[in-house]
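These notes concern the structure reproduced below.
The values are calculated or read from the model by the stated rules, or taken from the named source; none is laboratory data. Quantities reported herein were computed from a predicted structural model and do not represent experimental measurements. Reconstructed Cβ throughout: ideal geometry from the backbone, glycine too, with neighbour counts over all protein chains shown. When the accessible area is computed, the model is the full protein with side chains, heavy atoms only, and any ligands, DNA or RNA have been set aside. Shrake-Rupley method; radii C 1.70, N 1.55, O 1.52, S 1.80 Å.
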Amino acid sequence: MSDSGHSQPGAYGPGRRGRRRMEPGVLGHLNLSGPGRDKEFIPRDRDHEKRDASEESGGPVMQKTPIILAKPPAERPKTAPTSAPAAVPIEKPIVLMKSREEGKGAPAVEGTTQAPAAAKAEKEGQRPTQPVYQIQNRGMASAAPSSGNMDPVVGQAKLVPPEKMKHSIKLVDDQMNWCDSAIEYLLDQTDVLVVGILGLQGTGKSTVMSLLSANTPEEDQRGYVFRAQSQEMKERGGNQTTGIDFFITQERIIFLDTQPVLSPSILDHLINNDRKLPPEYTLPHTYVEMQSLQIAAFLFTVCHVVIVVQDWFTDLSLYRFLQTAEMLKPSTPSPSHDSGGASGANEGAEYYPHVVFLQNKARREDFCPRNLKQMHMVISKLMLHSHLQVKGTLSMLDCNIFPGLSSDYLESEVNLFLVPFMDSESDETVSRAGSGTIPLFSVLPGYKGHPSFQSLIGKLRSQIMSMSRPQLSHTILTEKNWFHYAARIWDAVKKSSALSEYSRLLG
């Protein structure tokens, strides 16, 4: 179009004015007073109109065209194919990391260590970034100290041992009822040794168990894990332990201390205090004997080692009691039905623990080899027909206590161990004070005829802790499984038909 307002004849074809007339908004700047105004209106195709419009305003239209074509590349980061391949490998580890979202520390560390992924985390959320962090930092605990501090508490809580016990707790109370407080100190691991103890009143059972478990002879007896008999209790002729006490060491050894068997103090308490007996018992002495048999039968079923303590050699009624408890002990539970034909072969297999005879408060004469041989022979003959394992698991000859004796000196060696008086070292000073006039003899220790009490207790502890740990039942038991198994055995002992029939015969 020229400056005068007239259209140039070469730039517009016939009918152009007719189209301008139909679009007055566009034709407002045109001068229609030219000579070609009277021409007829010829409609044109829209393709020709677009081409004419592009020819008419070439500059402005060429600027809109790249803007329209540039919008798809601008949207390319949102829906571009470059982000899709990155999301494909991330989707697979997302499922693996769902169970490890307990720590919640991974996203915070991830944001600081992976800056390129921070923009994607804002748009796509935190889920795609968690697997990326775990995959890149797997096996590098030093690169993520905060996650390393969370794993022992959250992911590895089972590896943390429970709180160390400082004193014993009740497993069976004085009313012969089961207590559940001991399970808090148990773990889900199978390497456990269970040691029980039996003995008459005043033989030193609690003291021996304390020295074997956690205490030393130099410590005050009032701080022992198993409370020993006090001086007042000794003067009254009473017993200190009632029921069954429980203690477990950090080496995962369970110690079970029991009330005295066939205790006269318990019988005296029943008679003088008019304590009501259970309906199935009519006489107090029958009830006391049945309590002792229940405890012994229970230990013979749930313990690997049972220590029988005596303070003099020997009481024949104690061996008769042990054989009666062996006869009345509950049978080993049968295996599960899933074992099929194998259960028939092991159906008659019964479990019997190792029995160690501990001669406490032994005198000097008891350590004589001749007397020691006679003691072994007597115990071997008394327990000849017993199924309890009384031989082959403990030996004083292997402890270098008798260096002059050969290993075959004892023809019928049983699990017998001798321990002197605990306060025998005090007698040593008395003997030295009354010695001769030579000053050298007052400095040398007196002759005792046996090793020291500390040395013998240490040898006994090492031999008991190194004993074999056979399966108590047909399945391997963890510590917690043993607790539930022991609770079931105790309930079976209290409801045993054999024990009730035996009590009926007694009274």
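In the range 469-487, how many residues are closer than 22 Å to LEU388 by Cα and in a helix (DSSP H, G or I)? Steps first, answer last, please.
Taking the range 469-487 as the starting set, the residues that turn out to be closer than 22 Å to LEU388 by Cα are 469-477, 482, 485-486.
Right, trim to in a helix (DSSP H, G or I) and you get 482, 485-486.
Of the residues in that region, 3 qualify.
What's the number of the condition ASP257 fails, among (1) in a strand (DSSP E or B); (2) more than 24 Å from TYR185 (Cα to Cα); (3) of a type in the set (D, E, K, R)?
So ASP257 meets the others, but not (2).
Test LYS205 against the criterion of being within 26 Å of ARG320 (Cα to Cα) and either among the basic types (Lys, Arg) or free of Cβ contacts under 8 Å to residues at least 24 places away in the same chain (or both), and give yes or no. Explain how you work it out, then say what you get.
Numbers: within 26 Å of ARG320 (Cα to Cα): yes; either among the basic types (Lys, Arg) or free of Cβ contacts under 8 Å to residues at least 24 places away in the same chain (or both): yes.
Yes.
Within the range 446-466, can you find the residues that are modelled with pLDDT under 90, more than 13 Å from PRO420 (Cα to Cα) and open to solvent by less than 40 Å² (accessible area, probe 1.4 Å)?
Listed by number, the list holds a single entry, GLY446.
Conditions first: (1) at pLDDT 95 or above; (2) part of a helix (DSSP H, G or I); (3) under 35 Å from the mean Cα position of the chain (by Cα). GLN323 passes all but one, so which condition is the exception?
Answer for GLN323: the failing condition is (3).
Suppose we filter SER395, SER406 for residues that are crowded, with 17+ Cβ neighbours inside 10 Å and part of a loop (DSSP other than H, G, I, E, B); which single one remains? Break it down into steps so the answer makes sense when it comes.
Numbers: SER406 fails: crowded, with 17+ Cβ neighbours inside 10 Å.
Sole residue among the options that is crowded, with 17+ Cβ neighbours inside 10 Å and part of a loop (DSSP other than H, G, I, E, B): SER395.
Which is modelled with pLDDT under 95, surrounded by fewer than 18 Cβ atoms within 10 Å (Cβ to Cβ) and over 28 Å from LEU499 (Cβ atoms), of GLU347, GLU365? Can you show your working first?
Details: GLU347 fails: over 28 Å from LEU499 (Cβ atoms).
Every option except GLU365 fails the conditions.
Which of the numbered conditions does PHE417 fail, given that it passes all the others? Conditions: (1) more than 25 Å from LEU211 (Cα to Cα); (2) modelled with pLDDT of 85 or more; (3) open to solvent by less than 50 Å² (accessible area, probe 1.4 Å); (4) not in a helix (DSSP H, G or I).
Of (1) more than 25 Å from LEU211 (Cα to Cα); (2) modelled with pLDDT of 85 or more; (3) open to solvent by less than 50 Å² (accessible area, probe 1.4 Å); (4) not in a helix (DSSP H, G or I), only one is false for PHE417: (1).
Suppose we filter the range 251-267 for residues that are over 25 Å from LYS495 (Cα atoms), crowded, with 16+ Cβ neighbours inside 10 Å and either acidic (Asp, Glu) or more than 37 Å from the chain's Cα centre (by Cα) (or both); how many remain?
Here the count works out to 1.
Report yes if some residue within the range 422-432 is crowded, with 17+ Cβ neighbours inside 10 Å, at pLDDT 90 or above, in a loop (DSSP other than H, G, I, E, B) and not small (Gly, Ala, Ser); otherwise report no.
no
Count, please, the residues in the range 350-362 that happen to be under 18 Å from GLN454 (Cβ atoms) and crowded, with 20+ Cβ neighbours inside 10 Å. Quick ask: steps written out before the conclusion?
Residues of the range 350-362 that are under 18 Å from GLN454 (Cβ atoms), as a first pass: 358-362.
Imposing the further condition that a residue be crowded, with 20+ Cβ neighbours inside 10 Å reduces the set to 358-360, 362.
The qualifying residues number 4.
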